[in-house]
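Taking it in order: structure first as structure tokens, then the write-up.
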Amino acid sequence: MKKILLVLAASAFVMSCKNLAENEFEITGTVDPSMNGKMLFLEKPDPTIGFKAVDTAKVENGKFEFKGTAKEPEVYFIGIKDDPSPAKKLQFILEEGSIELEMDKDSAVKSKRSGTYNNDMFSKYLESTKKIDKEDKNFREKNRDVYMAAYQKQDQAAMDKLNDEYKKIKEKREKIDNDFIKENPKAYINIFLIGQKASAKAQEPIPTAREEAKAIVNGLHPDLKKTEKGKELIKAFSDTPAAPVMPTEQAAAPGKSNAEVGSTAPAFSANTPAGKSLSLKEAMGKVTIIDFWASWCKPCRMENPNVVALYNEYHSKGLNIIGVSLDKEATSWKKAIADDKLTWNHVSNLKFWDEPIAKQYGVESIPATFILDANGKIVAKDLRGAELKAKVAELLK
């Protein structure tokens, strides 16, 4: 019976594509009829403004349609006019063929995509991660206050216990990703999965980290290496330093940075998640922390609960934080901000290790922090946990 179903599915796919020329795509979508008359945008991720609309369609009788050409697979979104919320944008792979979308008007998570190889693979991956994503979310929600309480008391044993438990969840997620990549080597989303794996590996405090990260990227399927995103990923790792250094070594190395302790913090500005320009000067407080991080950086994400607790305790007394992300994808950046409840200011040029602010500050590994006094002078770098809290408390006396 299973073989018969597979044959029927393959036949349906051929029939749906037979009238399309080479490189042509056709998107047919359904949405709740309450959306009738609404305009939808076909959107492409844009590093400067977040999303760029390339086409529009009106919902009629609960249906919508887009047509065009695509020379290779790319990540695109369906957005609702007058509702810029990323949580409602339907993410899919734009590629040659007939693409079928089922759009949930309230939540992109509930939306579905199918009809072409890469959209079927995308759906398969999302289904495989559904259970572990729920476990991750439940753990964060259940233990966020517990972790913050332990942080306030400086109960290292309690914090270590929670970190160890969360690490096991992350290891399970990593296995799911690895299995998917192995079983579906040509799937387009592997570019992003492998990119995340390589980025995380590059941050490990070992001399061979960068070379091991390059090896992970080189494991990308040859077909994916030919795509624009595949080329970008390979270039990103070939252009970066041969090996990262430990933050303590980095801070001590002479001539490595334009932002040394005792100097005035270099001015900068970049776009916020909302696409508006924000400068360091505008984000300054009595004490300011510049926090370099990224959604793909595991050490950064593990440190975030500590930073949240610090911010909640001292923001009303004059502490401001501005996060500078080394992300490449706006959606991953915004999702991490929401998931980790990072309520302070954030900016990014979405250029990965080519982030100009990171270069300006001599940042070669993350997480990296710069602590500024009320005059914008750098008074400390790369403090964590109790040391960071003590420094902030001292400056706010």
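The values are calculated or read from the model by the stated rules, or taken from the named source; none is laboratory data. What you are looking at is a predicted structure, and each value in this text was computed from that prediction instead of being measured. Every residue, glycine as well, gets a Cβ built from its backbone with ideal geometry; the counts of neighbours run over all protein chains shown.
Some observations on this one:
- Filtered residue count, the range 93-105, keeping only those that are under 10 Å from PHE25 (Cα atoms) and not in a strand (DSSP E or B): 2
- Restricting attention to the range 22-52, the residues that are of a type outside the set (Lys, Arg) and closer than 20 Å to PRO73 by Cβ add up to 15.
- Candidates TYR166, TYR125, filtered to the one that is over 30 Å from GLU387 (Cα atoms) and touching a residue at least 60 places away in the same chain (Cβ under 8 Å): TYR125
- Residues of the range 140-162 that turn out to be in contact with a helix residue (DSSP H, G or I) (Cβ under 6 Å, 6 or more places away or on another chain) and either assigned to a helix (DSSP H, G or I) or at pLDDT 90 or above (or both), as a count: 8
- Contact map, the range 43-63: first residue closer than 26 Å to THR272 by Cα and at pLDDT 95 or above, second residue surrounded by fewer than 15 Cβ atoms within 10 Å (Cβ to Cβ) and among the basic types (Lys, Arg), Cβ cut-off under 8 Å, separation 6 or more or different chains; pairs are THR56/LYS81.
- Of all residues in the range 88-114, those that are aromatic (Phe, Trp, Tyr) have Cβ atoms under 8 Å from Cβ atoms of residues that are part of a strand (DSSP E or B), 6 or more apart or on another chain, in PHE92/VAL75; PHE92/TYR76; PHE92/PHE77; PHE92/ILE78; PHE92/ILE99; PHE92/LEU101; PHE92/ARG113.
- Test: ASP339 is touching a Ser or Thr at 6+ places or on another chain (Cβ under 7 Å) and of a type in the set (D, E, K, R): no
- Hits in the range 106-127 (condition: modelled with pLDDT under 95, buried (at least 17 other Cβ atoms within 10 Å of the Cβ) and assigned to a loop (DSSP other than H, G, I, E, B)): SER111
- Within the range 330-344, not a single residue is more than 16 Å from the chain's Cα centre (by Cα), surrounded by fewer than 19 Cβ atoms within 10 Å (Cβ to Cβ), of a type outside the set (A, V, I, L, M, F, W, C) and over 28 Å from LYS137 (Cα atoms).
- The set of residues from the range 43-73 being assigned to a strand (DSSP E or B), within 20 Å of TYR117 (Cβ to Cβ) and of a type in the set (A, V, I, L, M, F, W, C) comprises just one member, PHE66.
- Any hit, the range 74-92, residues being surrounded by 17 or more Cβ atoms within 10 Å (Cβ to Cβ), in a loop (DSSP other than H, G, I, E, B), polar (S, T, N, Q) and at pLDDT below 95: no
- Sole residue being farther than 22 Å from GLY376 by Cα and not assigned by TED's automatic domain parsing to the domain that holds LYS89, chosen from ASN312, ASN320, ASN345, ASN306: ASN306
- Residue match in the range 279-287 (condition: charged (D, E, K, R), touching a residue at least 40 places away in the same chain (Cβ under 8 Å), within 20 Å of ALA390 (Cα to Cα) and out of contact with any strand residue (DSSP E or B) (no Cβ under 6 Å at 6 or more places or on another chain)): yes
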